[in-house]
Amino acid sequence: MHTFRLLAMAEEIATSGDLRVQRPNRDELLAIKAGTYPYEALLAKAKTWQSRLKSLFDQASLPERPDLEALEALLIRIRQQWYAQFYQDWSQAK
């Protein structure tokens, strides 16, 4: 299940640059988890998907490296917002 979730997420990143955590194919993923599909069929599907991903990433317009300064600034903003909300909730609970 996790393999196919990650493959689908990688495909989204390669084709759109977006990352959605909630999966539109949830039912299919749960069926995989439940053992509905034969193992060999899943292996074949994963290998095919992996080959397709290599091609997609070769053609993707993603940058070679992430913008580390932008990521650090985003992380700082997220943490500041989280801690501000945490302390506000904490002080109101007193």
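Projecting the Cα atoms of Tyr39, Ser16, Met1 onto the charge dipole of the stretch 1-40, computed from C-beta unit charges around the Cα centre, puts Met1 farthest toward the positive end.
Enter the Cα centre distance for the pair the stretch 32-69 and the stretch 6-26, rounded to the nearest angstrom. Between the Cα centre of the stretch 32-69 and that of the stretch 6-26, the gap is 10 Å. Here the chain is assigned +1 on the Cβ of each Lys and Arg and -1 on the Cβ of each Asp and Glu. Its dipole about the Cα centre then comes out at about 320 debye. Other residues within the sphere of radius under 11 Å centred on the Cβ of Arg23, judged by their own Cβ, net out at 0 (K and R +1, D and E -1).
Would you calculate the convex hull of the Cα atoms in the chain and tell me its volume per residue in Å³?
Details: hull volume 12.8 nm³, N = 94.
Convex hull of Cα atoms, per residue: 136 Å³.
Taking 18 Å as the straight-line reach from the Cα of Lys45, the lysines in range (excluding those fewer than 8 positions away in the same chain) are Lys33, Lys54.
Cβ crowding within 10 Å, taken as a proxy for footprinting-reagent exposure, orders Leu43, Leu68, Leu53 from fewest neighbours to most as Leu68, Leu43, Leu53.
Every number in this text was worked out from the coordinates using simple rules, so none of it is lab data. Remember, predicted model here, so these are calculated numbers, not experimental data. All Cβ positions, glycine included, derive from the backbone under ideal geometry; neighbour counts span all protein chains shown.
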